[in-house]
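The values are calculated or read from the model by the stated rules, or taken from the named source; none is laboratory data. What you are looking at is a predicted structure, and each value in this text was computed from that prediction instead of being measured. For neighbour counting, all protein chains shown are included, and Cβ atoms are generated from backbone atoms with ideal geometry for every residue, glycine included. Side chains are part of the model used for accessible areas, which takes the heavy atoms of the whole protein and leaves out ligands, DNA and RNA. Shrake-Rupley method; radii C 1.70, N 1.55, O 1.52, S 1.80 Å.
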Amino acid sequence: MTAFLPYGRQTIEDDDIAAVAAALRDDFLTTGPGVARFEAAFAEAVGAPHAIACNSGTAALHLAAMSIGLGRGDTVVVPSLTFLATANAVRYVGAEVAFADVDPDTGLTGPEQVLDAAARATGPVKAVFPVHLNGQAADSRAIAAALSPEVALVEDACHALGAGLRGGDMLMRPIGNCADAAMTCFSLHPVKAVAMGEGGVVTTRDPALAERAMRLRNHGIDRDPAGFRNRDLGFAADGTPNPWYYEMAEPGFNLRAPDLLCALGLSQLGKLPRFISRRQALAALYDDRLAALMPVVKPVPRVAWSGHARHLYAVLIDFAAVGLDRAALMRTLRDRGIGSQVHYTPVHLQPYYTDRYGSLALPGAEAYYARCLSLPLFPTMADGDVDRVVEALADVVGLQA
Ligand SMILES: *Cc1c(COP(=O)(O)O)cnc(C)c1O
């Protein structure tokens, strides 16, 4: 019996385990020097001056929303075809979501859809949260160019560690370098490119945003005497800072990533290029094998402006032509030991958001959702696993692979 193939899974190797074991013997399980070591390596990997580690991708989005100063009365454009957390982070800070549509084939939002959403918004748009779906970049550069410079971009790059975006000079830049965005958010959940268990990172070029994000992930605590407003509490009579004192100017949260998990993140990060190239090789195999199933099963098309991190291998299926609905198809694949998943049910259809904003028609997001299915893709898959998936899929849709 061959092993069950999930749609995604982590790749943990002996040196990752050794790195975590070593971290367990260190003095600090959390708030130690291992956090900064991981952050420096992450910043380097994506070409950003600042990386702030936190305990999930959701926390990264929340930190970004707080750090750029979003709040009640503000509106933020979020594509509907994403994980719940992108929109929820906007609500955490009391701002309102204006859902943008996406391209029906790529699932990515673009300048046109963002401007449509902004035109529908009831309040002033303060920010846009583009999502780099499946590991392919939304065109942040074009989105930024279409907006007035006061509108901040926060990229949800939870799928896109290792992806790239072409700049004005046509050269590919790593997602996370914040060439076009105020901040970029990553997840290190086990199904993502590298694993921390739970973990996240937000990157930025702006030292003030970095400092605010660091404070907000730790209750809003400021330990730098230079910023103390309360002289009586902060300083002794001779003017030296009191060693126990810290100050809070705005409340933050505990969104910290522990050293224990940063050790895993650091070890995994060294493997990112290898993991991504294996994902790309498997995706190329899928492209090749699936050509026989066109146009009933069609891989999500590539866009010219993006380097693809291949987080998910998503296909668009013409279920009417197959004569089988998606649930039945997924169950049949599961019975053959093959996992699959739907990324995502459009967030504007969630009861919380329809209650809040009424029902909204976003035909691109709905057309993508109606056809999409993510097939197994993770670095330890064998080439033969791709054949197995494609053969099973061919069988189920009644074609020859
Ligand atoms: C995974 C993911 C998140 C949330 O990340 P967590 O680490 O699970 O909190 C947010 N947005 C997208 C697009 C994701 O895929």
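Of note:
- The helix-based estimate of mean residue ellipticity at 222 nm for the chain, built from -39,500 (n - 2.57) per DSSP H run of four or more residues and divided by its residue count, is -11000 deg cm²/dmol to the nearest 500.
- A quarter of the convex hull surface defined by the alpha-carbon atoms of region 94-142 gives 3.8 nm² as the mean projection.
- Among TRP244, TRP305, the order of accessible area from largest down is TRP244, TRP305, computed with a 1.4 Å probe on protein heavy atoms.
- Cross-link partners for LYS126 among the lysines, with Cα-Cα distance under 17 Å and sequence neighbours closer than 8 places in the same chain left out, do not exist in this structure.
- Using alpha carbons only: equivalent-ellipsoid semi-axes of region 321-375, gyration tensor based, whole Å: 27, 12, 9
- The dipole here belongs to the chain: it is taken about the Cα centre, uses +1 on the Cβ of Lys and Arg and -1 on the Cβ of Asp and Glu, and is about 260 debye.
- Working from Cα pairs under 8 Å separated by at least six residues, relative contact order for region 14-269 is 26 percent.
- Among the protein heavy atoms, those of TYR352 account for about 110 Å² of accessible surface (1.4 Å probe, every chain in place).
- DSSP beta bridge pairing in the chain, given as percent antiparallel to the nearest 5: 65
- In the complete set of protein chains, residue-level accessible area for GLU44 is approximately 150 Å², probe 1.4 angstrom.
- Those lysines that a straight Cα-Cα span of less than 22 Å connects to LYS298, excepting residues fewer than 8 apart in one chain: none
- Residue ranking by accessible heavy-atom surface, 1.4 Å probe, largest first, among ASP387, ASP116, ASP101 comes out as ASP116, ASP387, ASP101.
- Hits among lysines - C-alpha to C-alpha of LYS271 under 25 Å, sequence gap 8 or more where chains match: LYS192
- Most to least accessible of GLU13, GLU198 (protein chains only, probe 1.4 Å): GLU198, GLU13
- Kirkwood Rh and Cα Rg combined as Rg over Rh, evaluated for region 272-397: 1.00
- Volume per residue of the C-alpha convex hull in region 147-224, rounded to whole Å³: 116
- From the Kirkwood radius over Cα pairs of region 14-269, Stokes-Einstein at 37 °C and 0.692 mPa s returns a whole-number translational diffusion coefficient of 174 µm²/s.
- The chain: angle of helix 14-25 to the longest principal axis, Cα-based, in degrees nearest 10: 20
- When the charge dipole of region 14-269 is built from unit charges on Cβ atoms (+1 for Lys and Arg, -1 for Asp and Glu) and taken about the Cα centre, the candidate among VAL97, GLY107, ALA60 whose Cα reaches farthest toward its positive end is VAL97.
- Principal-axis analysis of the Cα atoms of the chain puts helix 33-46 at an angle of about 50° to the longest axis.
- The heavy atoms of MET66 present about 20 square angstrom of accessible area, all protein chains included, probe 1.4 Å.
- Rounded to 10°, Cα long-axis angle of helix 383-397 versus longest principal axis of the chain: 60
- Under a Gaussian network description of the chain, with springs only between Cα atoms under 10 Å, the residue in PRO346, PRO299, PRO225 that fluctuates furthest is PRO225.
- Region 322-401 and region 88-145 have Cα centres separated by 23 Å.
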